[in-house]
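Shown next, in structure tokens, is the structure this report addresses.
The values are calculated or read from the model by the stated rules, or taken from the named source; none is laboratory data. Here the structure is a predicted model, which is why all the values come from computation and not from measurement. Here the Cβ positions follow ideal geometry from the backbone for every residue, glycine too, while neighbour counts run over all protein chains shown. Just the protein is used for accessible areas: all its heavy atoms, side chains included, with ligands, DNA and RNA removed. Shrake-Rupley method; radii C 1.70, N 1.55, O 1.52, S 1.80 Å.
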Amino acid sequence: MKKIVLVGNPNVGKSVVFSHLTGSKVMISNYSGTTVEFTRGQLKIGEDSYAVLDAPGTYSLTPSSKVEEVAADMVDQADVVINVVDATNLERNLLLTSEVLERDVPVIIALNMIDEAGHKGVKIDVEKLEELLGVPVITTVAVSGEGLKKLVDALPKAVNRKKEPLEVADRWAYVGSVVSEVQTIIHRHHTWLESLQDASLRPLTGIPIVAIVLYLAFQLVIGVGEMIAGFLEEYLFGGLYGPLMNRLSEWLGSGGFLHDILIGRLFDGAIEFEESLGVLTTGVFVEFGVVLPFLTVFYLVLGFLEDSGYLPRLAVMADRVMHRVGLHGYSIIPMVLGFGCNVPAVLAARNLESRRERFIVCTLTSVAVPCMAQLAMIVGLVGRLGGAYLAVVFATLFFIWIVLGLIIDRFMPGYTPSMVVEIPPYRIPSLRAQLKKLGMRVKGLIVHATPYILGGILLVNILYTSGIVDYLGVIFKPLIQGVLGLPGEAVSTLLIGFLRKDVAVAMLVPLGLNARQFVIGAVVLAAYFPCAATFAVLLRELGLRDMFKSAIIMVLTAFSAGFMLNMLLDTVVPAPYMAAGLVVVAIILAFVVGSTSDRRELEDLDKTA
Amino acid sequence: MKLSLVDMKPGQNGVIEKVMGGPGFAAKLGHIGLHRGKRIKKLSSIFRRGPVTVCIDNFQVAIGYGKAMRIMVEVDDGEENSTGR
Ligand SMILES: Nc1nc2c(ncn2[C@@H]2O[C@H](COP(=O)(O)OP(=O)(O)OP(=O)(O)O)[C@@H](O)[C@H]2O)c(=O)[nH]1
Ligand SMILES: [Mg+2]
């Protein structure tokens, strides 16, 4: 089958074009680096079908990151290249076009975002551009589908120029001359969106904006999430599903093997959705009653942040902080994604230039960025012990994030070079695109998580009834009880945590822990190891050696943090002080220790200067 | 007057004069559209040692401190006086 490859700079609309051409659903966001792997789809033209490949964005065919390599390789395999060009940034985009035209492949150009170019006062003489480049140029507005039919019709007219390769300086001169011939710019006034754009990059206005955005995001996710979860618990589970399960429980004879698996334990003859640990009771409740509501709200908020174009601005404002943990600002994007699910976070780390950065991002995310599924359970279960205990959990994770980051930055050789990233314009997210993306993500959750959650619960029952938990509980007692101050039985939660963290947190409930023990359990579960799905991608992305190192760090960190809490929390320091103390100490440490990466980069600069 | 991006003031315009550091670094900046002879406007610095944001043509780029120090700009004459130096 013939291959059509979409090539272009980051964030020019390749994925939007791709989803229109093939009808497949892919992630689309307003920042560079949304697509990290190539995606394949099919396009039928008359009788023929073609494979269409959506490549990650790249600035050049001489790649500088793992993601750009993928794109460059794909050009070589293409039968036809559709070069998607952002009309608002003609000069920069044509640098890549000039490289593509030197390859031995037919090329056609989709001059995209022509709507935005109009608003920005950029006028392009398309016929002239076609003539100068020697390949067809079709104007498109990918988001509305405008021009895409013409693009498909023009595919057979793609031309293979195979031009002589240019020297770097000549390339700029060539592109410069093309642009000056085809582009006219009419000056116009700043729009309010553009003023807001500048304001969010200035420290004086940018910092308050960060604070407001993060505060609103947090309030929305926690507040609305809790509201929906509460509503579901009361009406759906209390009023409808609960009675149904009670009937089923009676019908199964209130006991026996099948009852234990499906319904689980009864408390005073009644089902407790949080503690019964049956597949149909706790399993269904955890997934649909707790995780799903929180995750839906989270993804709504995330979708808005992604599509408006705020995330790269957050990255700029966070750059100084990120340098302390051996990263630069843009690494905050994988971490933000990590709060939804660690899997896409690990994949997004591919955009980062060096192995060092990828290692740090993956390790810190696995340890200190709990996914929403787990957070939902923590908020629900720890929250009811009191806000102070919830604060201790968050503060401990923040403390771990900073301190572990400082340590890795100090002891891992090399440094993380500072960032060079494009900041996209603000765009007003379209409701339709938002809902589509939300639907994709929620469906992804249901499809991928259901087998793990239900399987996890099933496994819990097997572990308990077979006596394996009692056995392991005795063996690991010195570690679990000695170091963490938890009952030996808690080893079962650590086992299930490999599968699903949300189920593991739920399993803390039947252990009958006191508040401090619950906090320790939640923190250790968050930090000690990634869940199976994340582990699989980590292994692929980091390789065996680095994964092994990362895993050792995770386990050591989790148990150290658990030990620290076991020693201090409530026995020496009351919860509210503990939370505040951890945050303050982490910030002071970050200031005092500083960024080793920064020092090394400057030393390196002195050497080359 | 020649200044590094870090030393330029927000709002100042100029032309990129030189990119110090290895050839790889200059090439990478070139790919993203920042090359010698390009007109550039500084938007902001995020604190003393934070990233610098600039505007070129129609797009904005954020450049970390370590790298911004290596980009030398010939600042427009008129601008210099108007900002009171
Ligand atoms: N106004 C306008 N916006 C567009 C158009 N095409 C795409 N966009 C927006 O541009 C942003 C980037 O779109 P994507 O399809 O994710 O870009 P991409 O080229 O795949 O980006 P990477 O995968 O990061 O390289 C999204 O916010 C789109 O909604 C267009 O023709 N007009
Ligand atoms: Mg894409």
Quiz item: Before we move on, is A:Arg320 over 18 Å from the mean Cα position of the chain (by Cα) and within 14 Å of chain B (Cβ to nearest Cβ)?
Solution: yes
Practice problem: Please find, among A:Asp48, A:Asp86, A:Asp79, the residue that is closer than 28 Å to A:Tyr174 by Cα, more than 11 Å from ligand 1 (Cβ to nearest atom), assigned by TED's automatic domain parsing to the domain that holds A:Leu101 and not hydroxyl-bearing (Ser, Thr, Tyr). | Solution: A:Asp79
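State all residues of the stretch A:337-357 that are in a helix (DSSP H, G or I) and open to solvent by less than 10 Å² (accessible area, probe 1.4 Å); if no residue qualifies, say none.
A:Gly338, A:Ala345, A:Val346, A:Ala349, A:Glu357
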Quiz prompt | Hey, A:Pro334 open to solvent by 10 Å² or more (accessible area, probe 1.4 Å), part of a helix (DSSP H, G or I) and under 29 Å from A:Leu499 (Cα atoms) or not | solution = no
Quiz item: Can you name the condition, by its number, that A:Thr62 falls short on among (1) near ligand 2 (Cβ under 8 Å from one of its atoms); (2) within 13 Å of another protein chain (Cβ to nearest Cβ)?
Solution: (1)
Quiz item: Residue check: is B:His35 within 8 Å of another protein chain (Cβ to nearest Cβ) and either assigned to a loop (DSSP other than H, G, I, E, B) or touching a strand residue (DSSP E or B) at 6+ places or on another chain (Cβ under 9 Å) (or both)?
Solution: yes
Quiz item: Hey, among A:Pro478, A:Pro413, A:Pro429, A:Pro417, which residue is out of contact with any His (no Cβ under 7 Å at 6 or more places or on another chain) and either closer than 21 Å to A:Gly264 by Cα or surrounded by 20 or more Cβ atoms within 10 Å (Cβ to Cβ) (or both)?
Solution: A:Pro417
Self-check item: Among the residues listed as A:Val67, A:Val100, A:Val81, the single one being of a type in the set (A, V, I, L, M, F, W, C), touching a residue at least 60 places away in the same chain (Cβ under 8 Å), away from ligand 2 (no atom under 15 Å from the Cβ) and within 14 Å of chain B (Cβ to nearest Cβ)
Solution: A:Val100
Quiz item: Would you say B:Phe25 is more than 7 Å from every other protein chain (Cβ to nearest Cβ) and open to solvent by less than 40 Å² (accessible area, probe 1.4 Å)?
Solution: yes
Quiz prompt | Residues of the stretch B:34-79 classified as open to solvent by 40 Å² or more (accessible area, probe 1.4 Å), among the hydrophobic types (A, V, I, L, M, F, W, C) and more than 11 Å from the chain's Cα centre (by Cα), total | solution = 1
Quiz item: Among A:Ala169, A:Ala173, A:Ala154, which is the only one that is among the hydrophobic types (A, V, I, L, M, F, W, C), in contact with a strand residue (DSSP E or B) (Cβ under 7 Å, 6 or more places away or on another chain) and outside any loop (DSSP other than H, G, I, E, B)?
Solution: A:Ala154
Quiz item: Within the stretch A:106-147, how many residues turn out to be of a type in the set (A, V, I, L, M) and either within 10 Å of ligand 1 (Cβ to nearest atom) or assigned to a loop (DSSP other than H, G, I, E, B) (or both)?
Solution: 9
Self-check item: Check on A:Gln183, among the polar types (S, T, N, Q) and without any contact (Cβ under 8 Å) to a residue 40 or more places away in the chain
Solution: no
